[in-house]
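The values are calculated or read from the model by the stated rules, or taken from the named source; none is laboratory data. Quantities reported herein were computed from a predicted structural model and do not represent experimental measurements. A quick note on method: Cβ atoms are made from the backbone with ideal geometry, for glycine too, and the neighbour counts reach across all protein chains shown.
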Amino acid sequence: MTRPSVDFSKLRILVVENHALMRRLLREMLRGFGVADIHEAKNVPGAIDLIYTETFDMVILDFFLGDMDGADFAWVVRNDGNCLNRQVPILLITGMPNHHKVLKVRDAGINGMLAKPIAPKDLYQRIYMLIAYPRPFIISPSYVGPQRDRRKPAATARPTAARLMRGTMPEKRRSRRLDINPANEDEILL
């Protein structure tokens, strides 16, 4: 089976992180992957302004953001039908992943979670999986977010995901094989 490739240079990513050093680290990793269009917010009000006025292909946010945490922010985005980015893939990063936090993140409709410290390979794999293998988006009275049942194949890719796909990977990426296998994505995503 041929793995789809993702053109990272066409991604438009919003990074929401209150620590300047972590924002810089994420920005440098994303640039290293080829992402050129990176927007940043250091708090929830700044992120809300951006998420309602501009479109993004992905949001990467920290869990601890002050008065609202990352899961609260995601819940607002997911449950507001007027939000331009209601279905955007959201990757949450945290330094303290615990059972309570994982459940809150899952119920908020976040696509994936990554524990700090973040290795570039792990971040690359998560972004790749969320874009290359999108899950159908569910809107129900009790849940808004990506489909959670991994046994069901995704019906169709989101239009933004299709725009980012290419037939072949760039030559420099071909030599660097990543262990990304949709069969064991349970290990990669929530």
*Across region 125-154, which residue is nearest to residue 25 (Cα to Cα) among those that are assigned to a helix (DSSP H, G or I) and touching a helix residue (DSSP H, G or I) at 6+ places or on another chain (Cβ under 8 Å)?*
127
_Can you tell me how many residues within region 19-41 are touching a strand residue (DSSP E or B) at 6+ places or on another chain (Cβ under 8 Å) and either charged (D, E, K, R) or without any contact (Cβ under 8 Å) to a residue 12 or more places away in the chain (or both)?_
5
*May I ask you to say which residue of 60, 90 is within 18 Å of residue 20 (Cα to Cα) and either without any contact (Cβ under 8 Å) to a residue 24 or more places away in the chain or buried (at least 17 other Cβ atoms within 10 Å of the Cβ) (or both)?*
60
*Going by the structure shown, is residue 104 of a type in the set (D, E, K, R), under 23 Å from residue 142 (Cα atoms) and surrounded by fewer than 20 Cβ atoms within 10 Å (Cβ to Cβ)?*
yes
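For (1) under 16 Å from the mean Cα position of the chain (by Cα); (2) outside any strand (DSSP E or B), each residue gets a yes or a no:
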residue	(1), (2)
47	yes, yes
56	yes, yes
59	yes, no
67	no, yes
72	yes, yes
77	yes, yes
85	yes, yes
91	yes, no
*When you go through 152, 172, 116 one by one, which is the residue that is surrounded by fewer than 16 Cβ atoms within 10 Å (Cβ to Cβ), charged (D, E, K, R) and modelled with pLDDT of 90 or more?*
116
_Within region 66-85, tally of residues that are buried (at least 21 other Cβ atoms within 10 Å of the Cβ) and either in contact with a helix residue (DSSP H, G or I) (Cβ under 7 Å, 6 or more places away or on another chain) or closer than 26 Å to residue 21 by Cα (or both)_ = 7
